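Notes follow once the structure below has been shown.
The values are calculated or read from the model by the stated rules, or taken from the named source; none is laboratory data. Not measured: the values here are computed from a predicted model. We place every Cβ from the backbone using ideal geometry, glycine too, and count neighbours over all the protein chains shown.
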Amino acid sequence: MSSLAAMDVAGRVPRLRARFASLEIDALLVTNLRNVRYLSGFTGSAGLLLVRHDVVVLVTDGRYREQAGEQLRAAGVEAALDIGLSADAQRELLAARASDIGVLGLEADDVTWAAQRRYATEWFPGASLVPTERAVEELRAVKDPGEVARIEAAAAIADAALDEVRPMLDERATEAEVGLALDTAMRRLGASAPSFETIVASGPNGAKPHARPGERRIGRGELVVFDFGATVDGYRSDMTRTLWVGELDETQQRMYEVVKEAQAAGVAAVRPGVSGRDVDEACRSVIRDAGWGDAFIHGTGHGVGLDIHEDPRVSSVATATLAAGHVVTVEPGVYLGEHGGVRIEDTVVVTADGCRTLTRAPKA
Ligand code: ZN
Ligand code: ZN
């Protein structure tokens, strides 16, 4: 990991604070753990981050006393660290830190109704609590070079893993065997984990976009959809390749050619200033013109980073425009029952004048 470019973690809290005025809040209570990690470098499974104008406070429990201090220092983040051994102790620490806050923002996508009631009545009775939406997520959408380097490293691991397991297609392996081999190869090559549950879907299973690998043996003349990725330092990659052994029938060949052309058109459309909808339409129009518009049954893509699905979205309803530093997938597909499915997906980073592809396994 030492060879990867550094991330600018310390620069993130100032960018968040710069949004407080437009969000009309005095401080933000960050409860989403990915957002806590993004802002502080802390990777523990429990913790709350209070971001005020004058100070950042990380409250967590005794298990993380050492780790939290180390991770804040390593990230170069200046934050007070409050350790509360019980939930009550953590509440008291946080309440004391927030006692003079007038308007406290909560993360509406993360806080349950029950938690909101607790915060309002027991934790912060003196503050006015307001919901905020995607305050941190919108910052996360634009990656710095260190973040891109991690996604690129994850993508390279996935590329190499697919290369290793390709011969299994000739050996009448089951989907589950191939999936396990992929996951194992990614771990051996340096991934901390798969970036989501690996999909290996052969024959008719490939017509279900989110099929789970099962005991089905991969046969000749079948399309096989591989959709998977690796995780490096918390950052994920996402790639789909459709492979086969033996001969495809005419319909399958045409499915593959159409999806390949659609995917290339989508990647070619990615640049700053275009909307997710424009990229989606670039893919969708190719598939529609081929007569298979109804067989492309999902959105074209999504942002990738600390989460496998994050901002920005790339679909027929995505009006937000792409900007340099966004990392998105382009993954059209055609799904036709007994013929199976074809999906091709790359993860790309938006550059000043276009995009650069991070997933590089060859396409058939
Ligand atoms: Zn995928
Ligand atoms: Zn994807």
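Observations, loosely collected:
- Those strands (runs of 3 or more DSSP E) of the stretch 1-92 in which 1 or more residues are surrounded by 13 or more Cβ atoms within 10 Å (Cβ to Cβ), modelled with pLDDT of 95 or more and charged (D, E, K, R) occupy 48-52, 80-83.
- Single unsatisfied condition, A268 versus (1) among the aliphatic types (A, V, I, L, M); (2) surrounded by 19 or more Cβ atoms within 10 Å (Cβ to Cβ); (3) out of contact with any Lys or Arg (no Cβ under 8 Å at 6 or more places or on another chain): (2)
- Among helices (runs of 4 or more DSSP H) entirely within the stretch 113-181, having at least 2 residues that are touching a residue at least 40 places away in the same chain (Cβ under 8 Å) and under 24 Å from the mean Cα position of the chain (by Cα) singles out 137-140, 145-165.
- Taking the criterion of being more than 14 Å from ligand 2 (Cβ to nearest atom), at pLDDT 95 or above and touching a helix residue (DSSP H, G or I) at 6+ places or on another chain (Cβ under 8 Å), the residues of the stretch 322-338 that qualify are L322, G325, V334, Y335, L336.
- Residue list for the stretch 93-112, filter: assigned to a loop (DSSP other than H, G, I, E, B) and either in contact with an Asp or Glu (Cβ under 9 Å, 6 or more places away or on another chain) or free of Cβ contacts under 8 Å to residues at least 60 places away in the same chain (or both): S99, D100, I101, G102, A108, D109, T112
- One residue stands out among those in the stretch 280-338 that are more than 16 Å from ligand 1 (Cβ to nearest atom), hydroxyl-bearing (S, T, Y) and within 30 Å of N32 (Cα to Cα): the one that is surrounded by the most Cβ atoms within 10 Å (Cβ to Cβ), which is T321.
- Odd one out for T251, checked against (1) closer than 30 Å to P194 by Cα; (2) in contact (Cβ under 8 Å) with a residue 24 or more places away in the chain: (1)
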